[in-house]
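Colleague: Here's a structure for you.
The values are calculated or read from the model by the stated rules, or taken from the named source; none is laboratory data. As the structure is a computational prediction, the values presented were derived from the model and not from experiment. Here the Cβ is made from the backbone with ideal geometry for all residues, glycine too, and neighbour counts use every protein chain on show.
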Amino acid sequence: MTTPLPLLPTSVIGSYAWPAWLHSALAAAERGDYGVDDMREAQDDAVDLALRDQADAGVDIVTDGEMRRAGFFTAAFYGHLTGLRELAPRRKVGVAGHDQRESYEAVEALHAPGGLGLVDEYRYVRQRTDRLIKMPCAGAYTLAGRIKPGAVYRDRMAVAQALAAIINAELKALVAEGATFIQIDEPSYAVHPDAPREFVELFNATVAGVEAKIGLHLCFGNYVGRPVARRSYRPLFPHILDVHAHQFALEFANRELAELALWQEFPNDRELAAGLIDVKNYHIETPEEVAQNIRAALRFIAPEQLSVVPDCGFSQTARWASRAKLRAMVAGTRIVRHELTGQP
């Protein structure tokens, strides 16, 4: 039975910090030292760890930490697709950056004959917690960013449209398994704000007919803790307001709460998951600092519509810092919750 949610529920965006041994396990698998069952056992244990850290901190809405998604993209999504040819990184030496990441070229129409793996992820995590589960999924436009159209597709948007159909089928399968809260992660919308109307149509096609609470996470990139574009949501307005999402997850903490006032332009039936913990900074927020951030957000949104989250996933943050930030996030939320309700 799912635990009821309090006022100002806390959650994570999606990913959680990997323990050192999971990095070692992935390296062993790449060398051929691990079999499929060995890696599955390691990832199962990592999901359990992520859930335990969230539970220890008191997080209300949990994820599996995306512990099965190496690099956010590769094993999690592209590894399930047919029709791709992997390309060599543009740069292999030096400071880590987006130009060292994986990339592909479409050589035939894209398909995912066995699905994208999210259903198996959900089946496992729902057995391991009684808290409300949020299932994150990379969005079509973001996934399309690492696929060159080749001779198969016209451009990136055409690749994204093909991926939207694949993702839509996966989301419907998730709902059939019992998932009730799904978040689409689309950092590329804010990074490429030149086609906001097309983004809306793409997003709505991705979630069409999906009978669940839908969240949209918009950020500015977090690979090795770095954004990749000018950090402003303003260019997406007003079109982004037409997406069929119940909740927007937006980052504010690492921008010193800039653009919080934008929320006054959103329809008042939407929820805000406000990023009030900075995952790009190794300063560990105090509970009172978190409480101050929440009070600032409450100037623009009713408490019944506000959730408290980090800016982005914790995959690029060390685990010791992630644990401390989660504890501070929950403690700070409880301060404000007590101020509003008198309840702990």
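Colleague: Kindly list the number of the only condition in (1) closer than 23 Å to GLU271 by Cβ; (2) crowded, with 17+ Cβ neighbours inside 10 Å; (3) under 16 Å from the mean Cα position of the chain (by Cα) that fails for ALA212.
Modeller: Unmet condition: (3).
The rows are residues; the columns are (1) farther than 25 Å from ALA96 by Cβ; (2) outside any helix (DSSP H, G or I); (3) not polar (S, T, N, Q).
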residue	(1), (2), (3)
ILE284	no, yes, yes
GLN316	no, yes, no
TRP320	no, no, yes
ARG327	yes, no, yes
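Colleague: For the structure I just gave you, tell me whether THR10 is over 21 Å from the mean Cα position of the chain (by Cα) and hydroxyl-bearing (Ser, Thr, Tyr). Quick ask: steps written out before the conclusion?
Modeller: Values: over 21 Å from the mean Cα position of the chain (by Cα): no; hydroxyl-bearing (Ser, Thr, Tyr): yes.
Spelling it out, it is not the case that THR10 is over 21 Å from the mean Cα position of the chain (by Cα) and hydroxyl-bearing (Ser, Thr, Tyr).
Colleague: Additional query: Within region 111-119, is there a residue that is in a helix (DSSP H, G or I) and under 30 Å from GLU211 (Cβ atoms)?
Modeller: Yes; the residues of region 111-119 include at least one that is in a helix (DSSP H, G or I) and under 30 Å from GLU211 (Cβ atoms).
Colleague: Follow-up question, since we're still on this one. Could you identify the single residue in ARG68, ARG123, ARG40, ARG91 that is basic (Lys, Arg), part of a helix (DSSP H, G or I) and modelled with pLDDT under 95?
Modeller: Numbers: ARG68 fails: part of a helix (DSSP H, G or I); ARG123 fails: modelled with pLDDT under 95; ARG91 fails: part of a helix (DSSP H, G or I).
So the residue among ARG68, ARG123, ARG40, ARG91 that is basic (Lys, Arg), part of a helix (DSSP H, G or I) and modelled with pLDDT under 95 is ARG40.
Colleague: Which one of these is modelled with pLDDT under 90 and either under 22 Å from ASP278 (Cα atoms) or in a helix (DSSP H, G or I) (or both): ARG231, ARG197?
Modeller: That would be ARG197, the only listed residue that is modelled with pLDDT under 90 and either under 22 Å from ASP278 (Cα atoms) or in a helix (DSSP H, G or I) (or both).
Colleague: Just checking, does region 233-244 include any residue being crowded, with 19+ Cβ neighbours inside 10 Å and without any contact (Cβ under 8 Å) to a residue 40 or more places away in the chain?
Modeller: Scanning region 233-244, I find no residue that is crowded, with 19+ Cβ neighbours inside 10 Å and without any contact (Cβ under 8 Å) to a residue 40 or more places away in the chain, so the answer is no.
Colleague: If LEU116 satisfies all but one of (1) buried (at least 17 other Cβ atoms within 10 Å of the Cβ); (2) in contact with a Gly (Cβ under 7 Å, 6 or more places away or on another chain), what's the number of the condition it fails?
Modeller: (2)
Colleague: Checking ALA169 against (1) free of Cβ contacts under 8 Å to residues at least 60 places away in the same chain; (2) assigned to a loop (DSSP other than H, G, I, E, B), which test does it fail?
Modeller: (2)
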